[in-house]
Amino acid sequence: MLPSRHYPWEFALVEGAKSYMHPMYRGLLHLSYWIMWVVLVVIGRMGCQQYKLVEMKLLAQQRDLQAKLPDIEKCLDIVATLQGKKGSGEVRCLTQLILLTTLRRHIYSRAQIENTESVCLWLGANVMLEYSCEEATVLLQKNLENARASLEVLVADLQFLRDQVTIPQVTIARVYNWDVHQKRIRQGGAPAKDS
Amino acid sequence: MQQSGGSEMEVTWEDQQNINRFSKLNNRFHELEDEIRIAKETNDNLEDASNELILTDEEVVRFQIGEVFAHVPKDEVESRIEDMKEVTTKNLEKLEEEKDSVLAQMAELKKILYGKFRDSINLEED
């Protein structure tokens, strides 16, 4: 007894009806199968690519944030050191010679810092503000916490995206397997038909 | 071919969620491995620094804070390095703990998924 049910929606057909079905209707059945293949496999793959693009963007943002965090922590350190030395007078340190070209990053020169009342913080967009040490600590602390919070949000978004990519991948694999299975059944049925 | 098993089996929403959870844990595991490697390197660097400090006989040591080197008396440098070492060791312990828990959860999920799908699923590293 050869299997006459090749596509799931053929369950509606009467047993053996396909053999005397008009060729046009048989063509429509094949077309419907092809449409399902296109929708699930091809468009599913395109959807995965879109997700991959968004994932790349989020990963880049995450890398930036992860690089910014240690910077903020270092600034906090320096301000804390300056505050600590307030009592003991001057601070002697070696600072980098930051020339306008920024090519000479590894040249150092001696500097003596006597006034530890205020620090200047670079706020970005060519803006630098002078703060007292306490205000600077508060501001940097706030920036650090904001950065940490946005990093958490980013990580959660990335996890959601990965789930969305995994689900179509699993579905595509299942559709493919089902198709292979059906082809095998059909080939297994055809030799029996001939004999 | 053994794939015939795969197309007969139903994949429920729970199975899909297990697969998603496994993928999340796998990614977190790789991130943790990188973080642990970096933490170990930092720890080693601090060890070397403290060893050098013992050998040196200068009174004032240039200690790097951010991009600036500050002249700091030797004792203060010692205590700072001790503090930094404590922080990195605690961090390393926390990361190792998280890695162990992630591995345990992955093993659980592997058992469940292999039990249901046997050959139709591959959860190993390439």
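Read-outs throughout are calculated quantities, based only on the coordinates presented, and are distinct from any laboratory measurement. Quick caveat, the model's predicted, so the values are computed rather than measured. Glycine also receives a Cβ, built like all others from the backbone with ideal geometry; neighbour counts cover every protein chain displayed.
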Specify which residue in the list A:Val155, A:Asn126, A:Gln169 is farthest towards the positive end of the charge dipole of region A:113-174, using unit charges on the beta carbon of Lys, Arg (+1) and Asp, Glu (-1), about the Cα centre. A:Gln169
Across all directions of projection, what mean area in square nanometres is found for the Cα convex hull of region B:1-123? 11.1
Highest GNM mean-square fluctuation, chain B, Cα pairs closer than 10 Å: which of B:Glu97, B:Glu59, B:Glu33? B:Glu59
Lysines whose Cα lies under 21 Å from that of A:Lys183, excluding same-chain neighbours fewer than 8 positions away: A:Lys18, A:Lys193
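How would you rank A:Thr81, A:Thr171, going from fewest to most other Cβ atoms within 10 Å of each one's own Cβ? It would help to have the intermediate numbers written out before the result.
Details: A:Thr81 19, A:Thr171 15.
The most exposed by this proxy come first: A:Thr171, A:Thr81.
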Karplus-derived HN-Hα couplings along region B:40-51 (A = 6.51, B = -1.76, C = 1.60, θ = phi - 60°), whole Hz, x at Gly and Pro: 5, 4, 4, 4, 4, 4, 5, 4, 4, 4, 5, 5
